[in-house]
Structures are given as C-alpha cells and as structure tokens.
Amino acid sequence: MTRTRPRSDTGLLGRIRRAYDLLAREVAKFGTIGLLAFILDTSLYNYFVFGLPGGGVDGPLHDIPLRAKILATAIATVFSWLGNRYWTFRHRRRAAVTHEFVLFVWFNILGLGIAVACLGFSRYVLGLDSQLADNISANGVGLVLGTLFRFWAYRTHVFKGDALA
C-alpha cells in the first residue's frame, strides 16, 4: 500500500501558511492606509498649529496644540476607517456599520490618547515646544505606539464581523 503525501495546501501547515499570508496582506494594507492617514494627520496638525510652510503666519489653532492634534486625528480617523473597512479588512467587516464605526472611533480615541499623552509629556513636562519636538513626540513616538495598539484592536475587536462580500 502506497501512502500519499498530503498536499502543501491542506492540513496544519497549509492552514498556518494561509493564516500567515492573510496576516501579511492585512499588515501591508493597514500600513498603506496608516501611512496615508499619517500624512493627512501630520499635515493638518502642522497647518493648524504652525500655518502654511514659509507663510510666516501661525496656524489657526496655534495657541491650542492639543485640540489641533485632536482635530487633525479626527479627520484622519474617518479616512482611516473608510480605507480599512473597504480595503484592509473588507473580508471581516460587520453588517452593523454603526456599531463597527463606534468601535473604530473608540479604539482610535484610545490610540489618540497615547499620542496626546506623548505630546503633553514633551510639551508640559519636558518643556519642549518646537515643531520638531512636537512631531517627534506626537507623530513619532505617539504614533508608533498608537499604531501598534490600533492594529491589534481593529483585528481583534472592530473588524471581526460576518465577512461580508
């Protein structure tokens, strides 16, 4: 009796490979949407606080940088939800759109809290208030920590729905 070897796409190894491939695609798409949202968030924050480059005029929210960060992130959040819902996690999205959006916003608020805490620490504890310091603290350290948290939260809690087509 001849034993046949299982095909590579079946069994445990096949399931592991498919799960890895799916995760790799999700990470790549999440990263693309995240990069675009980062550019939008950072550009808006810098405009709100520091004005147009070379314009010599402060931005409209110059005196309230934490609110400027919140507003910029809120706009980028809506962009990010649309991109993640309809591209990154389209195979996982929920039928209950409002529930999904509320969860998405909630986890973005928590992620924003990480960035705002980093910005607040830099500005009000360390006394660093330059454009470079703001961008390193909020859009560097805060964004990296917030992004790691968001990917976990989106995959675990937000986009775990009924796999709409």
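The values are calculated or read from the model by the stated rules, or taken from the named source; none is laboratory data. Since the structure is predicted, the reported quantities are computational estimates derived from the model, not experimental observations. As a convention, Cβ positions derive from the backbone with ideal geometry for all residues, glycine included, and neighbour counts pool all protein chains shown. Ligands, DNA and RNA are stripped out before the accessible areas are found, and what is left, the full protein with its side chains, is counted by its heavy atoms. Shrake-Rupley method; radii C 1.70, N 1.55, O 1.52, S 1.80 Å.
Applying the criterion of being free of Cβ contacts under 8 Å to residues at least 40 places away in the same chain and not aromatic (Phe, Trp, Tyr) to the residues of region 145-159, the residue that is most open to solvent (accessible area, probe 1.4 Å) is 148. Screening residue 141 against (1) closer than 30 Å to residue 51 by Cβ; (2) open to solvent by less than 30 Å² (accessible area, probe 1.4 Å) leaves a single unmet condition, (2). Within region 112-136, if we keep just the residues that are open to solvent by less than 20 Å² (accessible area, probe 1.4 Å) and at pLDDT below 90, the residue that is farthest from the chain's Cα centre (by Cα) turns out to be 134. Would you mind stating whether residue 44 is in a helix (DSSP H, G or I) and farther than 30 Å from residue 131 by Cβ? Judged against the criteria, residue 44 is not a match. For region 18-69, the candidate set comprises residues that are charged (D, E, K, R) and open to solvent by less than 70 Å² (accessible area, probe 1.4 Å); within that set, the residue that is nearest to residue 153 (Cα to Cα) is 26. For residue 107, the criteria (1) of a type in the set (Phe, Trp, Tyr); (2) buried (at least 16 other Cβ atoms within 10 Å of the Cβ); (3) more than 19 Å from residue 38 (Cα to Cα) hold in every case but one, which is (3).
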